[in-house]
Amino acid sequence: MKKSLQAQLVATVLLAELLLAGGLLAVGRRAVFQQLRSGLNAALSGRALSVAALVRYPEDQSTKLVFDKGLVPQPLDSRYQDAWEVFGPDGALIARSPWWPQELESGLHLREGFWIVHAGGRELRGIRLNQLPILDEETGTPVSPASLTVLYATPTQPLEERLAATMLTIGAAALLLVLATGVFAAWLVRRALSPLRHLAAEAERISAQQWSFAAPPEAMRLHELRPLVEALQEMLRGLRQAFESQRDFVAAAAHELKTPVAIQKSSLQLLLHRDLSAEEYKRGLQQALRDVERTEELLQRLLRLARAEQAAGGATPPESPAVPLSESCEAALAHMRPYAESRGVSLEFVPDGTARVKADPDDLLMVWSNLLENAIRYSGREQRVTLSVQAPLGRWASVVITDQGCGIEPEQQPRIFERFYRGDQSRARDTGGFGLGLALVKTLVEAYGGSVAVESQPGRGSRFEVKLPVE
Ligand code: ADP
């Protein structure tokens with residue numbers, strides 16, 4: 001199932017708001033309840049005092065207290081009856097409300113202050129006040145130290161109802177607010193995510209024919225999206241380069257193969273064209289065989305380069321045990337010596353026993369052989385080619401191959417590592433090179449985390465330096 005980031009964000013906001021509203025409602029309910037209860041407490045005290053004020057000494061000066069029933073206060077809520085009792089100083093009941101639930105008997109057992117009881121089928125909140133004075137009828141001032149005890153209770157139902165009504169109002173308002181802010185949050189989230197949508201739309205347009213990727217300006221302005229856009233652009237650049245280089249490679253390889261195959265075809269056609277002597281056929285077939293061998297060599301080099309590029313494409317360098325650098329150089333020198341002798345070029349070796357690198361010896365041999373082959377190929381007779389292994393410096397060990405040959409024009413130097421690139425010298429002398437040697441050297445060296453650089457002066461010679469990380 002597809003998940004929507006927008007829906008998740010809105011759901012998170014709504015959930016957070018609901019939690020907040022729930023928490024606020026709980027706290028609010030407590031505060032409202034306390035407010036209502038302290039209001040009820042004050043009303044209960046007032047009613048209890050009013051009831052006590054109705055107790056008088058009779059005018060005939062007798063000690064028996066009387067209760068003025070005519071001025072009994074109204075119940076706190078008109079829908080319910082309140083219950084009350086007044087006791088004299090001697091503990092005798094002076095008066096009692098018409099509604100006094102049986103369960104309460106004489107309420108004197110109820111403790112002083114506020115209390116809650118269940119009686120008459122409902123919950124009652126009440127108060128018991130002790131030692132209330134008996135007031136003068138006219139002045140309202142205490143006339144006797146003798147004290148009264150008053151109990152006054154009222155059902156809590158109206159308080160509960162008021163609490164419920166208040167909470168309903170607050171709850172409904174909270175829900176409305178949550179809904180309104182939810183809609184607003186959804187709109188905001190949609191707006192905030194629009195750069196992502198634009199980015200996705202722009203990314204969707206990328207194809208092998210359409211590499212351009214114009215990052216939406218609103219995405220570039222966003223702190224969180226900018227690194228993503230930059231990573232995307234960087235990745236695209238790399239992909240485009242890889243794609244184009246693959247395409248060029250295939251095109252160039254096809255082009256390079258076309259010529260020798262065409263030559264072979266025309267030589268064979270020529271052989272068939274007219275009757276020839278056995279000797280002529282033999283010569284013709286030998287030529288065709290040489291052409292096939294050269295094509296085979298080209299194919300082998302192409303395959304070697306393709307394999308090296310595949311290995312270099314890996315995230316980590318190929319894992320190999322550490323080998324002494326000098327050993328692979330010596331092997332390459334031995335391999336190239338016959339070629340050097342055939343061209344009258346002398347080979348010099350300056351070894352260093354300390355340098356060891358983690359690389360496949362066959363790959364190293366390939367690198368030095370290609371560089372030596374070029375150095376010999378582009379040198380004149382009696383000239384010297386030197387291979388020197390340098391003692392490691394920091395993380396790097398290097399091998400330098402120097403020749404005194406024709407050198408490379410400065411404008412050609414940056415291009416000589418490209419595949420199929422052949423310099424003027426190569427073409428002019430028809431060296432038979434394919435323009436793949438240095439590309440292979442670069443690919444192999446870089447696969448091991450190293451680098452290759454050239455310094456050259458036309459007419460004075462070239463210097464190739466390969467740097468490889470030491471173990
Ligand atoms: P090639 O098979 O043509 O030698 P490379 O990839 O090995 O292909 O070299 C590319 C080009 O670089 C060569 O065609 C040549 O022009 C130039 N080059 C390479 N090495 C040397 C060198 N030691 N001296 C002069 N030119 C060189």
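The values are calculated or read from the model by the stated rules, or taken from the named source; none is laboratory data. Since the model is a prediction, treat every value here as computed from it, not as a measurement. In this analysis, Cβ positions are derived from the backbone assuming ideal geometry, glycine residues included, and neighbour counts consider all displayed protein chains. For accessibility, only protein heavy atoms count, side chains too; no ligands or nucleic acids. Shrake-Rupley method; radii C 1.70, N 1.55, O 1.52, S 1.80 Å.
Normalised by the number of residues in the stretch 246-381, the average gap of Cα pairs under 8 Å and 6 or more apart makes the relative contact order 23 percent. Between the beta carbons of Ser194 and Leu239, assuming R0 = 35 Å, the FRET efficiency works out to 0.85 to the nearest 0.05. Using 1/(1 + (r/R0)^6) with R0 = 45 angstrom and r between the beta carbons of Lys3 and Asp248, what's the FRET efficiency to the nearest 0.05? Efficiency computed from Cβ-Cβ geometry: 0.60.
Counting only lysines at least 8 places from Lys69 when in the same chain, there are none with an alpha carbon closer than 28 Å to its own. Principal axis extents of the C-alpha atoms in the chain (largest first, rounded to whole Å): 169, 56, 37. Simple spin-label estimate for Phe33 and Gln131 gives 3.3 nm between the two label positions (7 Å along the Cα-to-Cβ direction from each Cα).
Think of the chain as a dipole: +1 on every Lys or Arg Cβ, -1 on every Asp or Glu Cβ, centred on the Cα centre; then among Thr402, Tyr281, Leu239, Tyr281 lies furthest on the positive end. Calculate the FRET efficiency for Arg415 and Gln310 from the Cβ-Cβ distance with a Förster distance of 30 Å, rounded to the nearest 0.05. With R0 = 30 Å, the Cβ-Cβ based efficiency is 0.80.
Placing +1 on the Cβ of each Lys and Arg and -1 on the Cβ of each Asp and Glu in the stretch 18-161, which of Leu40, Leu151, Tyr57 has its Cα farthest towards the positive end of the resulting dipole? Value: Leu40. Here the alpha carbons of the stretch 31-102 define both size measures, Rg and Dmax, at 14.7, 52 Å. Subtracting the Cα-Cα distance of Glu319 and Ala201 from their residue separation scaled by 0.36 nm leaves 38.4 nm. Of the residues Val261, Gly344, Thr295, the one whose Cα sits farthest towards the positive end of the charge dipole of the stretch 246-405 is Val261 (charges of +1 on Lys and Arg Cβ, -1 on Asp and Glu Cβ, taken about the Cα centre). Expressed as a whole number of Å, what is the distance separating the alpha-carbon centroids of the stretch 253-306 and the stretch 440-471? If you average the Cα positions of each part, the centres end up 34 Å apart. With contacts taken as Cα pairs under 8 Å and at least 6 residues apart, the chain reaches a relative contact order of 10 percent. In this structure the amide hydrogen of Trp396, modeled in the peptide plane, comes within under 5 Å of the amide hydrogens of Val470, none closer than 5 places in sequence on its chain.
Cα centroids of the stretch 328-379 and the stretch 174-233: 56 Å apart.
Surface analysis of the chain yields an accessible area of 59 Å² per residue, using protein heavy atoms and a 1.4 Å probe. Just how far, in whole angstrom, is the stretch 110-133 from the stretch 1-76 if you go by their alpha carbon centroids? The distance from the Cα centre of the stretch 1-76 to that of the stretch 110-133 comes to 16 Å. About its Cα centre, the dipole of the stretch 358-471 is roughly 160 debye, where the only charges are +1 on Lys and Arg Cβ and -1 on Asp and Glu Cβ. Applying both filters, DSSP loop and at most 11 other Cβ atoms within 10 Å, to the GluC sites (Glu not before Pro) of the stretch 1-91 gives Glu59. Using a cutoff of 8 angstrom between alpha carbon atoms and counting only pairs six or more residues apart, the relative contact order for the stretch 328-426 works out to 28 percent. Its alpha carbons considered, the stretch 296-415 gives a radius of gyration followed by a Dmax of 15.5, 45 Å. The modelled label-to-label distance between Arg384 and Thr12, using points 7 Å beyond Cα along the C-beta direction, is 7.2 nm. For the stretch 335-438, trypsin sites (Lys or Arg not before Pro) meeting the loop criterion (DSSP other than H, G, I, E, B) and having at most 15 other Cβ atoms within 10 Å: Arg343, Arg381, Arg395.
Taking Cα centre as origin and charging only the Cβ of basic (Lys, Arg, +1) and acidic (Asp, Glu, -1) residues, the dipole magnitude of the stretch 58-141 rounds to 440 debye.
Shown in residue order for the stretch 442-453 are the 3J(HN,Hα) couplings computed by the Karplus curve 6.51 cos²θ - 1.76 cosθ + 1.60 at θ = phi - 60°: 4, 4, 5, 5, 5, 4, 9, x, x, 8, 10, 9 Hz (x for Gly and Pro).
Annotation note: GluC sites (Glu not before Pro) in the stretch 344-433 located in DSSP loop regions with a Cβ neighbour count of at most 14 within 10 Å are Glu382, Glu411. May I ask you to give the percent of accessible area on the chain that is carbon plus sulfur, with a probe radius of 1.4 Å? Exposed carbon and sulfur together represent 57 percent of the surface. Say a paramagnetic label sat at a point 7 Å from the Cα of Gln287, along Cα to Cβ; which residues of the stretch 240-267 have their backbone N under 20 Å from it? Under cut-off, by backbone N: 258-267. For the chain, the mean residue ellipticity at 222 nm estimated from helices alone is -18000 deg cm²/dmol, where every DSSP H run of n ≥ 4 contributes -39500 (n - 2.57) and the total is divided by all residues, rounded to the nearest 500. Placing +1 on each Lys and Arg Cβ and -1 on each Asp and Glu Cβ, with no other charges, gives the chain a dipole about its Cα centre of roughly 1060 debye.
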